[in-house]
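Trainee: What follows is a structure written as structure tokens; I'll ask about it next.
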Amino acid sequence: MPERAWRRLDQELLRWEALGRACPLWWRDDDATEVTLQLERLVALSRAAQAPLLLSVIPSPTAAEIFPLIAEAPIGVAQHGVDHHNRLRLPRHAQFKASEPASWVAGELFRAGASLRGHRRVLPIYVAPWNRLSANLVAALPAAGFEAVSAFGGPVRAYPGLVRIDTHVDLFRWAPAPAFRGVVLCLHTLRLALRRRRLARAWSEPVGLLTHHLRLEAEAWDFLQALLPRLSAAPGVSWLGPEDLPGLTPQT
Ligand SMILES: [Zn+2]
């Protein structure tokens with residue numbers, strides 16, 4: 001029952017508050033390429049809920065039109081792949097094959113990033129399509145100018161010249177077909193992520209939310225609209241702005 005799941009989340013947040021702690025929370029949304037009605041709605045939601053967002057943008061000629069839209073919102077931009085085309089045979093997905101040399105991958109990353117580079121909101125963080133990391137990609141990212149990489153499910157960790165910061169609560173399930181996981185399951189996953197950090201006294205280990213604005217259906221929008229202001233108002237969590245993510249050099 002959603003009411004019970006909301007109550008249990010509130011109880012977990014109150015436990016953090018009682019301990020004088022606030023769990024760092026961050027939010028990533030993937031697959032933007034242009035301004036759409038869904039993206040406008042997402043940006044409005046981020047502004048209204050005062051929920052900072054890292055928007056991962058697939059490099060494309062239309063990407064530049066996104067920047068005026070987010071000008072007044074607490075939103076940073078990350079490069080999401082080079083073209084988001086799958087180079088592997090299904091059901092596997094990856095932007096790069098593991099056999100491709102890191103130096104070539106670095107060149108591709110840098111070349112593709114040209115449509116984003118130079119905009120003030122773009123941060124040196126790479127969001128891996130399908131959350132898929134490989135050794136050659138990890139080796140290539142610092143050479144292409146990236147300081148951080150984001151995938152799914154893990155703790156913050158360091159690679160040579162690179163920090164990895166993941167998301168943990170995906171509003172969608174992807175197999176057998178993409179669909180909203182539902183309010184109860186999303187709240188349960190979020191509560192468990194918070195609880196695990198509290199029990200481990202991992203106060204600075206962030207929890208990441210993951211959305212895909214182009215796929216959100218009415219129920220998922222309603223859920224986000226209810227969740228984000230609730231989190232913003234809770235002393236037991238503190239939003240981590242995209243520019244404050246671990247591994248990024250503070251901007252002056
Ligand atoms: Zn993607």
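All of the numbers you see were taken from the coordinates with simple rules; none came from a lab. Everything numeric here is computed off the predicted structure, so don't read it as measured data. Here Cβ is always computed from backbone atoms with ideal geometry, including for glycine, and neighbour counts include all displayed protein chains.
Trainee: How big, on average over all directions, is the shadow cast by the Cα convex hull of the chain, in nm²?
Mentor: 13.5 nm²
Trainee: Can you give the percent of C-alpha pairs in segment 76-122 whose distance is more than 14 Å?
Mentor: Every Cα pair in segment 76-122 considered, those over 14 Å come to 57 percent.
Trainee: Could you calculate, for segment 93-226, the ratio of the Cα radius of gyration to the Kirkwood radius, expressed as Rg to Rh?
Mentor: Taking Rg over the Kirkwood Rh, I get 1.01.
Trainee: Can you tell me the order of 198-211, 107-120 when each peptide is scored by its average per-residue count of other Cβ atoms within 10 angstrom, highest first?
Mentor: Top to bottom by mean Cβ count within 10 Å: 198-211, 107-120.
Trainee: Decide, for segment 98-166, between rounded, prolate and oblate: order the square roots of the alpha carbon gyration tensor eigenvalues as a ≥ b ≥ c, take rounded if a/c falls under 1.5, and otherwise choose prolate if a/b is larger than b/c, else oblate.
Mentor: It is oblate, given that a/c is not under 1.5 and a/b is not larger than b/c.
Trainee: A further question on this structure: Which GluC sites (Glu not before Pro) from segment 18-84 combine a DSSP loop assignment with at most 10 other Cβ atoms within 10 Å?
Mentor: Counting only loop positions with at most 10 other Cβ atoms within 10 Å, the GluC sites (Glu not before Pro) in segment 18-84 are GLU72.
Trainee: For a quick check of your reading of the filter: which chymotrypsin sites (Phe, Trp or Tyr not before Pro) in segment 160-191 sit in a DSSP loop and have no more than 15 other Cβ atoms within 10 Å?
Mentor: TRP174
Trainee: Need one number: the % of Cα-Cα pairs in segment 1-121 sitting beyond the 20 Å mark.
Mentor: 58 percent
Trainee: In deg cm²/dmol, rounded to 500, what helix-only [θ] at 222 nm does the chain give when every DSSP H run of at least 4 residues adds -39500 (n - 2.57) and the total is split over its residues?
Mentor: Mean residue ellipticity, 222 nm, calculated: -11000 deg cm²/dmol.
Trainee: Right, something else. Hey, rough spin-label estimate for MET1 and ALA71, points 7 angstrom out along Cα→Cβ, what's it come to in nanometres?
Mentor: My value for the distance between the label points is 4.9 nm.
Trainee: I've got another one for you. Where does each of 234-245, 88-99, 148-159 land if you order them by average Cβ count within 10 Å, highest first?
Mentor: Listed from highest to lowest mean packing, they are 234-245, 148-159, 88-99.
Trainee: Now a separate question. Give me the net charge of PRO59's neighbourhood, meaning all other residues with Cβ under 15 Å from the Cβ of PRO59; Lys, Arg count +1, Asp, Glu -1.
Mentor: -3
Trainee: Using the Cβ atoms and a cut-off under 11 Å, what net charge is assigned to the surroundings of ASN86, where Lys and Arg are +1 and Asp and Glu are -1?
Mentor: In short, +4.
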